[in-house]
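Asker: One structure is given below, represented as structure tokens, and several questions about it will come after.
The values are calculated or read from the model by the stated rules, or taken from the named source; none is laboratory data. Please read these numbers as outputs of a predicted model, since none were measured by experiment. Note that we place each Cβ from the backbone using ideal geometry, even for glycine, and neighbour counts take in every protein chain shown. Side chains are part of the model used for accessible areas, which takes the heavy atoms of the whole protein and leaves out ligands, DNA and RNA. Shrake-Rupley method; radii C 1.70, N 1.55, O 1.52, S 1.80 Å.
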Amino acid sequence: MSTSVELVYFNIHARGELTRLCFAAAGRLSELKDTRLPLFMDSSAAAMEWSVEHAPKTPFGYVPYLNVAEGTKSFQVSGDGAVEMFAARHCNLLGDSPLDAAVCNTISTKAVGLLGPGLTRAGLQKDSMTIIRSLGPQGHIGDTFDGLEKYVNRLHGKATSDPAYRDTGSYANSNGNGSSSHFYVLGDKISLADLAIYNSVDECIRGPRSTEFFERVDKLLRREYPTLLRVYDQVTKDLAGYLTTRNVQRPLDQP
């Protein structure tokens, strides 16, 4: 049975981009109908259009959501976690087991939760200092990134400050001598977990349309969260074709 998927989101990356990344990673981007709404922050006209025309069509008053058709059935998928998990399952990006899928769900839910209006506004206004403060010890983004850094390290059996952790290598992808030619959360192939980490890190470094480069943010992230940045660099390499053209083929500042 064929399935068609439409993503409805604003004309930025943020919470909608993870679905696009799933289809890109699976080589199925042409199958995704990508409906982009004018961002309500961009102008008073866009704000009015959102509240009058688009918001009433959403399942729960917010985006992203998916319009999905399977045969004669059609339905909507909405909510943090639900949208990304549906897209990843559709694109076979949840690993090879229920445990892998649970890891993907855990990481993607935490990562997507960071992509709120405050971070979007800071990126649009090129306000790197606000982003840096959010990444600090008392910042909500830094707190979540710290948790994700430890979580991924535990999955890879990497030593941490807790002496209970052992170098088990349960998810390690090595060539037999402890080195690795590539690095993924689940070990041997890209998954929703990697894409979710990439998307949140990229939002901090390059803004909600990936048109900026906040050098101080990049340096801070690489110093404080080296494992997350290793994932970020791996996805950047793997999806280079999509990432270098995503704003050229269809500029995000156009609906």
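Asker: Tell me, yes or no, whether the stretch 67-78 has at least one residue that is surrounded by fewer than 21 Cβ atoms within 10 Å (Cβ to Cβ), touching an Asp or Glu at 6+ places or on another chain (Cβ under 6 Å) and at negative phi.
Answerer: Within the stretch 67-78, the subset surrounded by fewer than 21 Cβ atoms within 10 Å (Cβ to Cβ) is 67-78.
Still in the running and touching an Asp or Glu at 6+ places or on another chain (Cβ under 6 Å): 67.
Narrowing further to those that are at negative phi: 67.
Checked against the condition, which is being surrounded by fewer than 21 Cβ atoms within 10 Å (Cβ to Cβ), touching an Asp or Glu at 6+ places or on another chain (Cβ under 6 Å) and at negative phi, the stretch 67-78 yields at least one hit.
Asker: Name the residues in the stretch 19-46 that are of a type in the set (A, V, I, L, M, F, W, C), under 12 Å from C91 (Cα atoms) and part of a helix (DSSP H, G or I), would you? Before the answer, list the steps.
Answerer: Here is the first cut: in the stretch 19-46, the residues of a type in the set (A, V, I, L, M, F, W, C) are 21-26, 29, 32, 37, 39-41, 45-46.
Applying the additional criterion that residues be under 12 Å from C91 (Cα atoms) yields 21-26, 29, 32.
Of everything in the stretch 19-46, those that are of a type in the set (A, V, I, L, M, F, W, C), under 12 Å from C91 (Cα atoms) and part of a helix (DSSP H, G or I) turn out to be L21, C22, F23, A24, A25, L29.
Asker: Something else now. Which residues, taken from the stretch 125-145, are open to solvent by 60 Å² or more (accessible area, probe 1.4 Å), in contact (Cβ under 8 Å) with a residue 60 or more places away in the chain and assigned to a helix (DSSP H, G or I)? Show your work before the answer.
Answerer: Of all residues in the stretch 125-145, those open to solvent by 60 Å² or more (accessible area, probe 1.4 Å) come to 125-126, 129, 133, 137-138, 140, 143.
Within this subset, residues satisfying the condition of being in contact (Cβ under 8 Å) with a residue 60 or more places away in the chain are 126.
Correct list: empty.
Asker: Which one is most open to solvent (accessible area, probe 1.4 Å), of the residues in the stretch 215-225 that are touching a helix residue (DSSP H, G or I) at 6+ places or on another chain (Cβ under 8 Å) and basic (K, R)?
Answerer: Step one: list which residues in the stretch 215-225 are touching a helix residue (DSSP H, G or I) at 6+ places or on another chain (Cβ under 8 Å), which gives 216-218, 220-222, 224-225.
Those still in the list that are basic (K, R) too: 216, 222.
Values: R216: 151, R222: 94 Å².
Checking each candidate, the answer is R216.
Asker: Now for a different question. Suppose we filter F60, F75, F86 for residues that are among the aromatic types (F, W, Y), out of contact with any helix residue (DSSP H, G or I) (no Cβ under 8 Å at 6 or more places or on another chain) and assigned to a loop (DSSP other than H, G, I, E, B); which single one remains?
Answerer: Going through F60, F75, F86 in turn, just one is among the aromatic types (F, W, Y), out of contact with any helix residue (DSSP H, G or I) (no Cβ under 8 Å at 6 or more places or on another chain) and assigned to a loop (DSSP other than H, G, I, E, B): F60.
Asker: Sticking with this structure for a sec: Restricting to the stretch 65-85, what's the tally of residues that are over 14 Å from Y9 (Cβ atoms) and in contact (Cβ under 8 Å) with a residue 24 or more places away in the chain?
Answerer: 6
Asker: Shifting gears a bit: Out of all the residues in the stretch 2-33, which are out of contact with any Pro (no Cβ under 7 Å at 6 or more places or on another chain), of a type outside the set (A, V, I, L, M) and open to solvent by less than 30 Å² (accessible area, probe 1.4 Å)?
Answerer: Our first condition is that a residue be out of contact with any Pro (no Cβ under 7 Å at 6 or more places or on another chain); within the stretch 2-33, this holds for 2-6, 10, 17-18, 20-33.
Adding the requirement that they be of a type outside the set (A, V, I, L, M) leaves 2-4, 6, 10, 17, 20, 22-23, 27-28, 30-31, 33.
Selection gives F10, E17, R20, C22, F23.
Asker: Additional query: Give the residues of the stretch 188-214 that are outside any helix (DSSP H, G or I) and buried (at least 24 other Cβ atoms within 10 Å of the Cβ), sorted by residue number. Steps first, answer last, please.
Answerer: Just the residues of the stretch 188-214 that are outside any helix (DSSP H, G or I), to begin with: 188-191, 207-214.
Once the filter is applied, which keeps residues that are outside any helix (DSSP H, G or I) and buried (at least 24 other Cβ atoms within 10 Å of the Cβ), the stretch 188-214 yields S191, G207, P208.
Asker: Do any residues in the stretch 106-120 that are closer than 21 Å to A88 by Cβ have Cβ atoms under 7 Å from those of residues that are of a type in the set (V, I, T), where the two are at least six apart or on different chains, and which pairs are they?
Answerer: Cβ pairs passing all conditions: I107/V185; I107/I197; K110/T144; A111/I197; L114/I141; L114/T144.
Asker: Out of (1) under 21 Å from Y232 (Cβ atoms); (2) open to solvent by less than 20 Å² (accessible area, probe 1.4 Å), what's the single condition that is false for T106?
Answerer: (2)
Asker: Take the conditions farther than 21 Å from E212 by Cβ and exposed (fewer than 15 other Cβ atoms within 10 Å of the Cβ) and apply them to A87. Does it pass? Show your work before the answer.
Answerer: Details: farther than 21 Å from E212 by Cβ: yes; exposed (fewer than 15 other Cβ atoms within 10 Å of the Cβ): no.
So A87 does not fit the description; no.
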